[in-house]
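Data block below; observations after.
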Amino acid sequence: MVHYKQLDNGIRLIVKQMSGLLSVTMGIIVGTGACVETDEEDGISHFIEHMMFKGTAKRTAFDISDGMDAIGAQVNAFTGKDITCYYAKSTSDHAAEAFEILSDIFLNSTFPADEMKREKGVVIEEISMNEDTPDDLCLDLLSKAFFGDKNYGRNILGPKKNVRAFRKSDILSYMSRRYTADNIVISMAGNITVEEAQGLVEKYFAAVPAGKGEQRAVEVRLQSRNLSKKKDIEQVHIGIAYPSMKRYEPLADATMIVNAVLGGSMSSRLFQEVREKRGLAYTVYSYLTSYKDTGSLVVYAGVNAENYLQSVEAIYACIEDIKRKNITEYEFKRGKEQLLSSQIFAQESTSSQMLLYGKELIYSGRIYDFEERVKKINAVTFDDVMQAVEYNFDDKYRATALVGRVDRHL
C-alpha cells in the first residue's frame, strides 16, 4: 500500500507500507545538491549535510548519535548532484523516537562555531582521502572532462578553500533558498501505519513555513575533454564518458539494457573480454547516470600501468562491436531480466523503497508505480535497444580521464 499526502505548507509525504517486516526507513529528501551551486557555494550542500549532525537546540553531537544508538537505530545522510537526503532506519517499535531525532537534526540544527571549525577539518580530510583514492579521483576528473567545471561537473565535496571559508551565515542563506517546504519530500518505507507516519510528519513539520524556494536553472554544455592526472601508483585508472539519456526519456529502459550488455555484470562484454579473456583488469564496468537535463554512459577500469593502452583498445573494441549493433537476442533477454530483477530486489529493501519513492516525487512530482514500471520494462523491444545504441556512443562528445603513471591524455 502506498499513501501520499501534501501538508498545507507544501511538504510532501509518501509512505510505502511493507507488511511482514519489523523495521522502517524514514528519509527527508531535499531537491538540492552540487549541480545548483555557484562557484562560491561549491561544496556547501555537502558541508551542510555534515553540520546537521553537530548539535541542535536541545542535543549535542554526542546526544544525537547516542540517542539513535540507545534505540538500536541507524542514522546517516548523503549529498548528490541534485538531491540531499537525511535518513534513519529503526525497528518499527522505535520509529517515533528515531523520527523525532531525525526531525530535530533537520529542523533545529544550530551550527555551533566550535563544531563548524572541527567539521571543516573533517571535510578537508575527506577531500584529501578522495584525492588519494584513485578510482574516485578518476571519476571526478571524468565528470569535469565531460560536463566542465560547473553544474554536474562539480565533485560534491567542493574545493578546500571554499570549505575553509564557509560561515554560519552562508549556511543559513543557502538553506533559506533551497531547504524550502516546496522542495522537501518525506519518504517512509517499511512496517509503519499511515496514521503513525502522517501523525509524526504533521507533529514536527506542519509548522514549517510555506513558500517557494529559489529556482536555479542548470545549463549543460558538454565539454568533451581529455584529462589526466599523474600519480605514482601501481594501476592506471581509466574513465570514458558518452552522452546518454535524460531521466524519463522513452528509450531510457532500452539504454539500461544496452548498458547491461556492455558492462553491467560479470557476463557483460567488458568483464568477459577485458578481464576474463585478456586478464587486463581486475575491475571493469559501465554504468548510466540520468539527470533532468542530461545523462551519461560511463566506462571505468583499473588496469596494470604497463598495459593501459592495450586495455583502452580492448574497451573501445567492445564499444565498437555494440555500435555495429552486434547484440544478440539472448543478450537482449538477459539484460531485460537483469533490469526486471533489480526492480524486484529493490521491493524487498526498506532503504531502497524509501529512496525510490522519495526521489520519484522530487524529480517528477509523481508517485512511483511498481506495476507500471514492470510493464514498461516488459514492453521494451529488441528494436528499441537497437535505437538506443544509435543514441549512445557519440564520439563527438566523448570525454576521457586517466589517473596513474601516465604522461599523456587518451
Give the Rg/Rh ratio for the range 288-330, taking Rg as the radius of gyration of the Cα atoms and Rh as the Kirkwood radius, to two decimals. 1.10
Helix 252-263 vs. the chain, principal-axis angle (Cα, 0 to 90°, nearest 10): 60 degrees
Counting alpha carbon pairs within less than 8 Å and at least 6 residues apart, what relative contact order, in whole percent, applies to the chain? 23 percent
With Cα extents along the principal axes in Å defined as stated, name the option among (i) 92, 56, 37; (ii) 101, 58, 41; (iii) 59, 48, 38 computed from the structure displayed. (iii)
For the range 77-142, I need the span (max minus min coordinate) of the C-alpha atoms along each principal axis, in Å, sorted largest to smallest. 43, 30, 20
For residue 93 and residue 206, what is the calculated FRET efficiency with R₀ set at 30 Å and r taken between the beta-carbons, to the nearest 0.05? 0.80
Taking every Cα atom in the range 148-217, find the radius of gyration and the maximum pairwise distance Dmax, and write them in Å. 16.9, 47
Summing +1 for each Lys or Arg and -1 for each Asp or Glu, what net charge is found among the other residues whose Cβ lies under 14 Å from the Cβ of residue 56? -2
Taking each pair of distinct Cα atoms in the range 1-111 once, what is the resulting Kirkwood hydrodynamic radius in Å? 15.1 Å
Calculated from DSSP helices alone, with each H run of at least 4 adding -39500 (n - 2.57) and the total divided by the residues of the chain, [θ]222 nm to the nearest 500 comes to -13500 deg cm²/dmol
Once the other residues with Cβ under 10 Å from the Cβ of residue 187 are scored (Lys, Arg +1; Asp, Glu -1), what is the net sum? +2
All lysines inside 27 Å of residue 396 as judged from Cα atoms, apart from same-chain residues fewer than 8 positions distant: 81, 144, 150, 229, 230, 246, 292, 323, 325
Which whole-number percent gives the relative contact order of the range 103-207, counting Cα pairs below 8 Å spaced six or more residues apart? 23 percent
Taking each pair of distinct Cα atoms in the range 287-370 once, what is the resulting Kirkwood hydrodynamic radius in Å? 16.3 Å
Evaluate the charge dipole of the chain about its Cα centre and quote only its size in Debye, nearest 20, assuming +1 on the Cβ of each Lys and Arg and -1 on the Cβ of each Asp and Glu. 800 debye
Between 0 and 90 degrees, rounded to the nearest ten: what's the tilt of helix 95-108 against the longest Cα principal axis of the chain? 90 degrees
Please give me the summed charge of the neighbours of residue 149: other residues whose Cβ is under 10 Å from its Cβ, Lys and Arg +1, Asp and Glu -1. +1
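Readers should treat all values here as calculations from the given coordinates under stated rules, not as data from a laboratory. Just so we're clear, the structure is a prediction, and the values are computed from it rather than from any experiment. Glycine gets a Cβ as well: all are built from the backbone with ideal geometry, and neighbour counts include every protein chain shown.
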